[in-house]
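The values are calculated or read from the model by the stated rules, or taken from the named source; none is laboratory data. Please read these numbers as outputs of a predicted model, since none were measured by experiment. Cβ placement follows ideal geometry from the backbone for every residue including glycine, while neighbour counts extend to all protein chains displayed.
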Amino acid sequence: MAKKYKKKDLGLGIRALIQSDSAEPMKKQEVVKQLSSMVAMIEISKIHPNPNQPRREFERQALNELAESIKVHGIIQPVTLKQDGDDSFLIISGERRYRASQIAGLKELPAYIRIANDQEVMEMALIENIQREDLNPLEIAITYSRLMKEFELTHEKMADRVGKKRSTISNFLRLLELPPTLQNALKENQISTGHAKALQGLRTIDDQLFVLNRIINDSLSVRETEKLVRARVTGSTESKKSKQSTPKLPQEYQDICKNLKSHLGTIVDIKLKAKNKGAILINFAGVEELNRILEIIEE
């Protein structure tokens with residue numbers, strides 16, 4: 001008969017549970033089941049991040065501030081781990097706390113141990129981050145897309161798994177169809193998800209980038225953006241006059257503009273002068289976008 005473990009034995013950690021002196025040692029999965037409802041202290045050296053973590057960026061200053069708080073107060077909320085080897089643990093949620101604890105010099109972390117397959121690990125990490133509002137909309141969209149592709153989930157099944165409406169899943173996935181410049185603006189919090197949704201109502205990249213520049217430069221609200229988008233779609237007086245006063249470029253120059261717009265992800269215009277002379281105008285919405293465009297050109 002397997003040895004019964006008292007509550008005080010759990011304080012000895014995982015090793016004490018696994019290394020039983022019983023003739024029939026407790027199976028590792030049974031150990032994990034016992035630990036899943038309580039906190040265990042796990043050596044940081046045995047913990048490693050999840051490569052499929054939805055969150056991709058961790059602000060250094062915020063990590064340092066959390067590390068200072070941890071030095072004073074310790075870890076208040078345990079991380080959640082999955083045992084993925086004899087002496088190794090994968091982070092399901094809490095990578096930010098893990099990174100800050102490393103900076104703070106901690107040797108152990110309080111942790112919940114869970115039994116989960118790859119899909120469940122991704123789902124738990126996604127849900128935890130969404131509940132804490134730690135992810136930007138693109139990170140959420142990318143994770144939804146990956147889960148659906150890897151595990152062959154429909155929009156309805158994905159919605160059921162994460163407790164969202166089907167329309168919410170669809171709206172997030174549509175963000176991945178935005179051109180690079182708009183995605184970057186969303187990622188950098190220059191525009192909100194509401195702005196991005198309004199921009200998707202425009203027919204061309206030119207219109208989207210025009211309205212994006214107006215949002216950033218004029219600090220347009222979502223309601224104001226929607227109004228401007230409707231004007232662009234229906235054809236405002238201003239845009240009609242502009243089309244009438246601007247001579248149409250020859251097809252070969254139109255093709256050049258189209259290729260440059262696609263490659264640089266921003267508005268590109270060619271202004272022709274006499275004797276085949278002219279200028280190429282590349283639009284950018286800020287210093288960050290300018291640097292991005294320059295990096296593409298340099299490459």
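When region 198-207 is filtered for residues that are under 22 Å from the mean Cα position of the chain (by Cα) and either modelled with pLDDT of 90 or more or of a type in the set (Ser, Thr, Tyr) (or both), the ones remaining, listed by number, are Ala198, Leu199. Restricting Leu90, Leu63, Leu81 to residues that are surrounded by 12 or more Cβ atoms within 10 Å (Cβ to Cβ), more than 20 Å from Ile42 (Cα to Cα) and either touching a residue at least 24 places away in the same chain (Cβ under 8 Å) or among the aliphatic types (A, V, I, L, M) (or both) narrows the list to Leu63.
Of the residues making up region 221-271, those that are under 29 Å from the mean Cα position of the chain (by Cα), at pLDDT below 85 and outside any helix (DSSP H, G or I) are Gly265, Thr266, Ile267, Val268.
A count restricted to region 133-169 and to residues that are closer than 26 Å to Glu188 by Cα, out of contact with any helix residue (DSSP H, G or I) (no Cβ under 9 Å at 6 or more places or on another chain) and in a helix (DSSP H, G or I) stands at 0. Every residue in region 168-192 that is under 17 Å from Val211 (Cα atoms), of a type in the set (Ser, Thr, Tyr) and surrounded by fewer than 17 Cβ atoms within 10 Å (Cβ to Cβ), please. Within region 168-192, just Ser192 meets the criteria.
A quick yes/no check of all residues on (1) of a type outside the set (Gly, Ala, Ser); (2) in contact (Cβ under 8 Å) with a residue 40 or more places away in the chain:
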{"site": "Ala185", "(1), (2)": "no, yes"}
{"site": "Ile191", "(1), (2)": "yes, no"}
{"site": "Lys197", "(1), (2)": "yes, no"}
{"site": "Gly201", "(1), (2)": "no, no"}
{"site": "Asp206", "(1), (2)": "yes, yes"}
{"site": "Asp218", "(1), (2)": "yes, no"}
{"site": "Glu224", "(1), (2)": "yes, no"}
{"site": "Lys227", "(1), (2)": "yes, no"}
{"site": "Ala231", "(1), (2)": "no, no"}
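Among residues of region 180-196 being part of a helix (DSSP H, G or I) and polar (S, T, N, Q), the one that is farthest from the chain's Cα centre (by Cα) is Thr181. Within region 193-206, restricting attention to residues that are charged (D, E, K, R) and farther than 21 Å from Val287 by Cα, the residue that is surrounded by the most Cβ atoms within 10 Å (Cβ to Cβ) is Lys197. Only residues that are under 23 Å from the mean Cα position of the chain (by Cα) and either touching a residue at least 60 places away in the same chain (Cβ under 8 Å) or not in a helix (DSSP H, G or I) (or both) were counted in region 66-78, giving 2. If you go through region 44-56 and keep only what is touching a helix residue (DSSP H, G or I) at 6+ places or on another chain (Cβ under 8 Å), loosely packed, with under 13 Cβ neighbours inside 10 Å and at pLDDT below 85, you end up with just Arg56.
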